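Undergrad: Questions regarding the structure given below will be posed in turn.
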Amino acid sequence: GATKDMGKMLGGDEEKDPDAAKKEEERQEALRQQEEERKAKYAKMEAEREVMRQGIRDKYGIKKKEEKEAEAQAAMEANAEGSLTRPKKAIPPGCGDEEEEEEESILDTVIKYLPGPLQDMFKK
């Protein structure tokens, strides 16, 4: 009787194993199939969303993030050709020498709204 027990320990129980293995295989296959159906469903939904997004981008002239980054990179490379330093930042309007002109134009605007005698005082 010892050989029969040894056979069971080593997985030789032939009566139930094939059936259980078959059921487990079917269960795994069903799970795989469900997963594939789910992935297909979400891929289809995402494709529909992407079509809608592209329509909105075309309507408003918006570019995808990747496209913007690619264009920015190309612009940086074009500016940096033959240059060993990093590209210089553009000076925003209103910085530097232009400030005095702006102050004068503000003063002129204020003078316009003053009564006549006061305007004469400032113009002298």
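The values are calculated or read from the model by the stated rules, or taken from the named source; none is laboratory data. Treat the numbers as computed from the prediction; the structure is a model and nothing was measured. Keep in mind that these areas ignore ligands, DNA and RNA; they rest on the heavy atoms of the full protein, side chains included. Shrake-Rupley method; radii C 1.70, N 1.55, O 1.52, S 1.80 Å.
Undergrad: So how much slack lies between Glu66 and Arg38, counting 0.36 nm per residue of separation and subtracting their Cα-Cα distance, in nm?
TA: Gain in length upon complete extension: 7.3 nm.
Undergrad: Counting only protein heavy atoms and a 1.4 Å probe, tell me what percentage of the stretch 18-83's accessible area is made up of carbon and sulfur.
TA: The value for the stretch 18-83 is 54 percent carbon and sulfur by accessible area.
Undergrad: Can you give the accessible area per residue of the stretch 18-83, in Å², using a 1.4 Å probe?
TA: 91
Undergrad: Lysine pairs in the stretch 18-83 with Cα distance under 24 Å, only those 8 or more apart or on different chains: how many are there?
TA: 5
Undergrad: According to the square roots a ≥ b ≥ c of the eigenvalues of the Cα gyration tensor, what is the shape class of the stretch 18-83, taking rounded for a/c under 1.5, prolate for a/b larger than b/c otherwise, and oblate for the remainder?
TA: Taking the square roots of the gyration eigenvalues as a ≥ b ≥ c, the stretch 18-83 is oblate.
Undergrad: Applying the Karplus parametrisation 6.51 cos²θ - 1.76 cosθ + 1.60 with θ = phi - 60° to the phi angles of the stretch 107-120, what ³J(HN,Hα) value in whole Hz is obtained for each residue in order, glycine and proline being reported as x?
TA: Computed from phi, the couplings for the stretch 107-120 are 4, 4, 5, 5, 4, 4, 8, 7, x, x, x, 5, 4, 4 Hz.
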